[in-house]
Amino acid sequence: MKGAPFAGVLRLSRFMIRQDRMRYMWWLVGITVMTLVVPPAFNELYPTEQDRNLMAETMKNPAMEAMVGPGDLANYTLGAMVSHQMLLMTAIAVAIMNILLMVRHTRAEEEEGQAELLRSLPIARHSQLTASILTLFGVNLLLALLIGVGLYSLSFDSMGLSGSVIYGASLGVVGLFFAGVTAVCSQLSESSRGAVGLSFTVMIGCYVLRSVTEWIPPFGWLTQVQPYSDNNWLPVVGLVITSLVWFALAIILQGKRDIGSGFLPSRSGRAHASILLRHPIGLAWRLQRTAFISWSVGMLVLGLSYGSVLGDLDSFFQDNDMLAAMIVADENSSLTTQFLPMLMAVLAFISTIPALLSIHKVVGEERKSRVDHLLGRAVSRNKLLVSYLVLALCTGFLMLSFSALGLWLAGTTSMEDPFTFFTVWQASIVHFPAVVVMIAISTCLIGIAQKATGFIWLYLFYGFLTLYLGGLFQFPGWMEKLSPFGFVSKLPIEDMNWLHAGGLVAVAVVLLLFGIHRFTNRDIEG
Amino acid sequence: MNVIEMNQVTKTFGKHQALDGLDLTVRNGEVFGFIGPNGAGKSTAIRVLLGMLRATNGTATIFGKDVWRDAVDIHRRVAYVPGDVNLWPQLTCGEVIDLFASLQGNVHEQRREELLARFQLDPTKKCRTYSKGNRQKVALVAAFASDAELFLLDEPTSGLDPLMEKVFQQCVAEVKAEGKTVLLSSHILSEVEKLCDRVGIIRQGRLIECGTLNELRHLTRMQLTVETRTPIESLASWQGVHDVVPTETGWTFHADAEEMEAIMHKLSVHGIRKIESAPPTLEDLFMRHYEETAEGRDV
């Protein structure tokens, strides 16, 4: 290959594989396991055709279709169910893997100067990009094989060889498609962060547009494949061709630019701070803005997806003993109403996560010695911690509200006799005192022993276990009372217990004051 | 009046004694050099002064106020530049400088622009793209653009190139001319020599020497390398000459600063072909300090 434009490609590929083999392995193992655990679980949960048809019924709503795409609902075999509910979600994981790996091999190497070092060797201009493409082609091929063979080896009746192979192959080609997209984005953007951002934007755009029209590659095409029912190879071939187009485009673009440069000019930021950013709380908000917006969207979508199944719950419950055991039996209200507190509890646990992350941000800032800049100026420790606290409390409140909003929105479209928004919101916001207690405990940990702040996650998980699975495993009642979530009234099926709510708030206030006091009296680490 | 006063300050982290009875006074309007090897307790002392660490024992005041209790009050008149400047990757340099300025008091638009130009910083660039030296420059611009009366600078030049170091030195000279006080910590003796009125040397959490550079002259020896036309047999026995090592063509030795004149005189008789001198390093200074204290003990 002397003097060829692709000299050294194979050696570079080998080098990449050697360098990153563990990273590849974890991704491949992760995605394969995530795929292979599902069919046996579904088989357990929905053993008969009747169970599956019921599930198919709950899937017949616009929200579910927007999320997972169309499926063979008329003939909902185990295979059809797996491919309907899992294929698109798994494809997103595969896309993320390809985006991150591709940027790592291309723009990130260029940014860190390794590319320059390599290109000074007898290696052609396009070799690195070609080697990255070749490597990721191999990774996606391996993934397709692992999943195809893995699914077939589970040996369920409805999951035959051809279906399994096309299942694996369709994931592989979606991966290839995003390897191509990212290869192009890496030429366009000047930084690896920019390239990742651009590629993710394309991915999310494709996903969202797919719910509008099924003819948007790659996700729209992917849902046309219908493994285990239609086994349609045409979209798979189409995706291979579009991937090749992306690769060719990336190589052409690379030939037109200098090393280290991009086609999109790097955006420069503001030369001055906005009025908001001139206060500690403005800074705290700015640091968490992106995370806050992402979580808000996430909670809304989660609420929507929970809400979309509400309409079919009653019929669904009658046939599922396991779920029936988890909720309170009551003659006076429908099963859906009885199920609402449990849904809200799960959403409340998840809403607690961003609130806790928000207060924990101050610990991260301390570890990175960035609070020094504030405390070294005229900012008191009180003011610093309270800024983060206010944000954490608002985050908790809003996340509960967003999840309620999502659930209510989807519920009104799917139910015959929908809940009012206020009912749903009450059932959600009743958890707020418990969320405040969790934030207060975190504040105490930050005040006393910032190294131990991780403990709160364990405690949150404990609360989740006792409450969510307590009914199922018949845990003794006092176990859930060890978590603040055990004192939350189950609206709308129970009456509001103001004593409990007031007690939680009182405990929270005491813990908060104590935590703040300790924080103002300890050493700042750095 | 003394701006900073530390009396017998100790600070322990678990079993580790970071400060061990530190006494330190910095007078109004002076540039005080605070030198010592890494891990000697310079940063700990500065963090105690900033009220981030609570002294285990002893008292520390700035402007006569308690550094722990009145931290916020004191900080309105203090500018602090840490040795390792961590900034928020998503903010621009300009945003950080404005944030810092507004947390302290006023933003001086003109001074800000002038300093940005002198330190060659682009305010629209994200901190993510900045090297250590550039982040340090951001902190320096924020500090020198403020109205502070006291500057606490913790190894502020460790990432700067020589050109920027020069700009930094000018800035220190300017604030000194305005009658402001500077505490400059460093482990580079030559930097401190250029800027400081008085120097304090810290080791293992204690101030072991303190005074003007002239007063510390007894600790500073030049390292000389000479080549002469005629051999100097008696060099090792000369007054103020130490550690004589013959090289292929001449000698290297250390010379006491106060004996320099006499040594030069004697050397010139032998016909100097070549002479090189190197300023004393911090290590030399410590060696000298220990020699002296050991000698003192022997006597």
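The values are calculated or read from the model by the stated rules, or taken from the named source; none is laboratory data. This structure is a prediction, so every number in the text was calculated from the model and none was measured. Ideal geometry is used to build each Cβ from the backbone, glycine not excepted, and the neighbour counts take in all protein chains shown. For the accessible areas, the whole protein counts, side chains as well, though only heavy atoms, and no ligand, DNA or RNA atoms are used. Shrake-Rupley method; radii C 1.70, N 1.55, O 1.52, S 1.80 Å.
Where the convex hull is taken over the Cα atoms of the range A:357-459, what is its projected area averaged over directions, in nm²? Provide the component values of the computation, followed by the final result.
Details: hull surface 32.1 nm².
Mean shadow area of the hull around the Cα atoms is 8.0 nm².
Which residues of the range A:366-405 show a drop of at least 50 Å² in accessible area when all protein chains are present, compared with their chain alone (probe radius 1.4 Å, heavy atoms only, ligands and nucleic acids excluded)?
Relative to the lone chain, where solvent access is computed with a 1.4 Å probe, the range A:366-405 loses at least 50 Å² at A:R370, A:D372, A:H373, A:G376, A:R377, A:A378.
The range A:228-270: which chymotrypsin sites (Phe, Trp or Tyr not before Pro) are DSSP loop and have at most 15 other beta-carbon atoms within 10 angstrom? The partial results should precede the final answer.
Values: sites: A:Y228, A:W233, A:W246, A:F247, A:F263; in loops: A:Y228, A:W233, A:F263.
Counting only loop positions with at most 15 other Cβ atoms within 10 Å, the chymotrypsin sites (Phe, Trp or Tyr not before Pro) in the range A:228-270 are A:W233, A:F263.
Counting only other chains, and only Cβ atoms inside 10 Å, what mean value do you get across the residues of A:181-193?
1
Kirkwood Rh over Cα pairs of the range B:16-63 into Stokes-Einstein at 4 °C, 1.567 mPa s: D in µm²/s? It would help to have the intermediate numbers written out before the result.
On the way: Rh = 11.8 Å.
Estimated diffusion coefficient is 109 µm²/s.
Any chance you could get the radius of gyration and Dmax over the Cα atoms of the protein assembly as shown, in Å?
Spelled out, the Cα radius of gyration and Dmax of the protein assembly as shown are 34.5, 116 Å.
Defining a contact as two alpha carbons under 8 Å apart and six or more residues distant in sequence, what relative contact order in percent does chain B show? Each step should come with its number before you reach the end.
On the way: 572 pairs, mean separation 59.4, N = 299.
After rounding, I find 20 percent.
Please state the Cα pair-distance histogram of the range A:28-109 with 5 angstrom bins from zero: what percent is in each bin?
Percent of pairs per bin, in order: 3, 14, 21, 19, 16, 10, 7, 5, 4, 2, 0.
What does the extension gain come out to for A:K451 and A:E416, with contour length at 0.36 nm per residue minus their alpha carbon separation? Don't skip to the end; give the middle numbers.
Values: separation 35, 0.36 × 35 = 12.60 nm, distance 5.11 nm.
Extending this stretch completely gives an extra 7.5 nm.
Placing unit charges on C-beta atoms (Lys and Arg positive, Asp and Glu negative, everything else neutral), compute the dipole magnitude of the protein assembly as shown about its Cα centre in debye, rounded to 20. Please report the intermediate quantities before stating the final value.
Numbers: 67 positive and 75 negative charges, 274 e Å.
So the magnitude is around 1320 debye.
Quickly rank A:174-185, B:154-165, B:263-274, A:440-451 as a protection proxy: mean count of other C-beta atoms within 10 Å, highest first. Mind showing how you got there, number by number?
On the way: A:174-185: 28.8, B:154-165: 17.0, B:263-274: 13.1, A:440-451: 21.2.
Highest mean packing first, the order is A:174-185, A:440-451, B:154-165, B:263-274.
Which residues belonging to the range B:59-97 lose at least 30 Å² of 1.4 Å-probe accessible area when the assembly is complete, relative to their chain isolated?
B:W68, B:V72, B:H75, B:Y80, B:N86, B:W88, B:Q90, B:L91, B:E95
Around A:R104, with a cut-off of 9 angstrom between Cβ atoms, what is the net charge of the other residues, counting Lys and Arg +1 and Asp and Glu -1? It would help to have the intermediate numbers written out before the result.
Details: positive: A:R23, A:R107; negative: A:D20, A:E109.
Combined, the nearby Lys, Arg, Asp and Glu give 0.
Got a number for carbon plus sulfur as a percent of chain A's accessible area, 1.4 Å probe? Walk me through the numbers on the way to the answer.
Numbers: 15700 of 23580 Å².
Result for chain A: 67 percent of the exposed heavy-atom area is carbon or sulfur.
Percent of accessible area on the range B:2-212 owned by carbon and sulfur, 1.4 Å probe? Before the final figure, lay out the partial values.
Working: 3540 of 7870 Å².
Here carbon and sulfur together make up 45 percent of the probe-accessible area.
On the accessible surface of the range B:221-279, probed at 1.4 Å, how many percent belong to carbon and sulfur atoms?
Working: 1880 of 3620 Å².
Whole-percent figure for carbon plus sulfur exposure: 52.
Using only alpha carbon pairs under 8 Å that are at least six residues apart, calculate the relative contact order of the range B:221-279 and give it in whole percent.
Working: 99 pairs, mean separation 30.3, N = 59.
Value for the range B:221-279: 51 percent.
Where in chain A lies the longest segment free of GluC sites (Glu not before Pro) that are both loop residues by DSSP (not H, G, I, E, B) and have at most 10 other Cβ atoms within 10 Å?
Numbers: sites that count: A:E331, A:E416.
Longest site-free region, per DSSP loop and neighbour criteria: A:1-330.
How many Å² of accessible area per residue for chain A, probe 1.4 Å? List each step's numbers first, then the result.
Details: 23580 Å² over 526 residues.
For chain A, the per-residue accessible area is 45 Å².
For B:M222, list long-range residues whose amide hydrogen, built 1.01 Å from N in the peptide plane, is under 5 Å from its own amide hydrogen.
The answer is B:A255, B:A257.
Restricting to chain B, compute how many DSSP beta bridges are antiparallel as a %, nearest 5.
Numbers: 39 of 57 bridges.
Counting only bridges with both partners in chain B, antiparallel ones make up about 70 percent.
Restricting the count to DSSP beta bridges whose residues both fall in the protein assembly as shown, what percent are antiparallel, rounded to a multiple of 5? Provide the component values of the computation, followed by the final result.
Values: 39 of 57 bridges.
Taking every DSSP beta bridge within the protein assembly as shown, about 70 percent pair in antiparallel fashion.
Could you work out the pair-distance distribution P(r) of the range B:2-212 from its alpha-carbon pairs, with 5 angstrom bin width and percents rounded to whole numbers?
Here the calculated profile for the range B:2-212 is 1, 7, 16, 20, 20, 16, 11, 6, 2, 0.
Can you work out D for the range A:276-520 in µm² s⁻¹ from Stokes-Einstein, where Rh is the Kirkwood radius over C-alpha pairs, the temperature is 10 °C and the viscosity is 1.306 mPa s? Mind dumping the intermediate values first?
Values: Rh = 18.9 Å.
Result for D is 84 µm²/s.
If you stretched the chain out fully between A:C394 and A:I204, how much longer would it get, using 0.36 nm times the residue separation minus the C-alpha to C-alpha distance?
On the way: separation 190, 0.36 × 190 = 68.40 nm, distance 2.74 nm.
Extra length from A:C394 to A:I204 when fully extended: 65.7 nm.
How many angstrom lie between the C-alpha centres of the range B:98-131 and the range A:214-264?
With the range B:98-131 and the range A:214-264 each reduced to a Cα centre, they are spaced 45 Å.
Roughly how crowded by other chains is peptide B:101-111, in terms of the mean Cβ count from those chains within 10 Å of each of its Cβ atoms? Walk me through the numbers before you get to the answer.
Values: counts 3, 7, 12, 4, 2, 0, 3, 0, 1, 0, 0.
Whole-number average of other-chain Cβ neighbours for B:101-111 is 3.
How high is the relative contact order of chain A? Use alpha-carbon pairs under 8 Å, at least six apart in sequence, and give a whole percent. Each step should come with its number before you reach the end.
Working: 737 pairs, mean separation 70.6, N = 526.
In percent, rounded to a whole number, it is 13.
Scan the range B:1-45 for chymotrypsin sites (Phe, Trp or Tyr not before Pro) in coil per DSSP, keeping those whose Cβ has at most 13 other Cβ atoms within 10 Å, and list them by number. Before the final figure, lay out each step's value.
Working: sites: B:F13, B:F32, B:F34; in loops: none.
The qualifying sites: there are none.
At the nearest 100 Å², what buried accessible area, both sides summed, do you get for B and A when the probe is 1.4 Å? Don't skip to the answer; put the middle values down first.
On the way: alone 15020 and 25220 Å², together 37030 Å².
For B against A, buried area totals roughly 3200 Å².
Starting from the amide H of B:G250, placed 1.01 Å from N in the peptide plane, find each other amide H under 5 Å away whose residue is 5 or more places distant or on another chain.
Amide H neighbours of B:G250: none.
Give me the residues in the range B:33-58 whose solvent-accessible area, probe 1.4 Å, is reduced by at least 40 Å² once all protein chains are included instead of the chain isolated.
SASA drop of 40 Å² or more in the range B:33-58: B:R47, B:M52.
Between A:M34 and A:R289, what FRET efficiency follows from the Cβ-Cβ distance if R0 is 35 Å, with the result rounded to 0.05?
Here the calculated transfer efficiency is 0.70.
Could you give the dipole magnitude of the range B:221-279 about its Cα centre, charging the beta-carbon of Lys and Arg +1 and that of Asp and Glu -1, in debye to the nearest 20?
Numbers: 5 positive and 9 negative charges, 45 e Å.
My answer is approximately 220 debye.
Find the centroid of the Cα atoms in the range A:94-160 and in the range B:207-240, then give the distance between the two in whole Å.
Result: 65 Å between the Cα centres.
Which whole-Hz ³J(HN,Hα) couplings does the range B:13-22 yield from phi under the Karplus relation 6.51 cos²θ - 1.76 cosθ + 1.60, θ = phi - 60°, glycine and proline marked x?
Once θ is set to phi - 60°, the couplings for the range B:13-22 become 10, x, 8, 7, 8, 7, 10, 10, x, 7 Hz.
So if I take the alpha carbon set of the range A:12-255, get Rg, then get Rh from the Kirkwood formula, what is the Rg over Rh ratio?
On the way: Rg = 18.9 Å, Rh = 18.6 Å.
Across the range A:12-255, the Cα-based Rg/Rh ratio is 1.02.
Would you mind checking which residues have amide H under 5 Å from B:R206's amide H? H placed 1.01 Å from N; only 5 or more apart, or other chain.
Correct list: B:D20.
What average count of beta carbons from other chains do you get within 10 Å of the Cβ of residues in A:511-524?
Partner-chain Cβ atoms within 10 Å, mean over residues of A:511-524: 1.
Given a Förster radius of 35 Å and the C-beta distance between B:E261 and B:D23 as r, what FRET efficiency does 1/(1 + (r/R0)^6) yield to the nearest 0.05?
Numbers: r = 35 Å, r/R0 = 0.99.
Rounded to the nearest 0.05, the efficiency is 0.50.
Under a GNM of chain B (C-alpha, springs under 10 Å), which listed residue has the highest mean-square fluctuation: B:E109, B:E174, B:E30?
Maximum fluctuation in the GNM of chain B, among the listed residues, is at B:E109.
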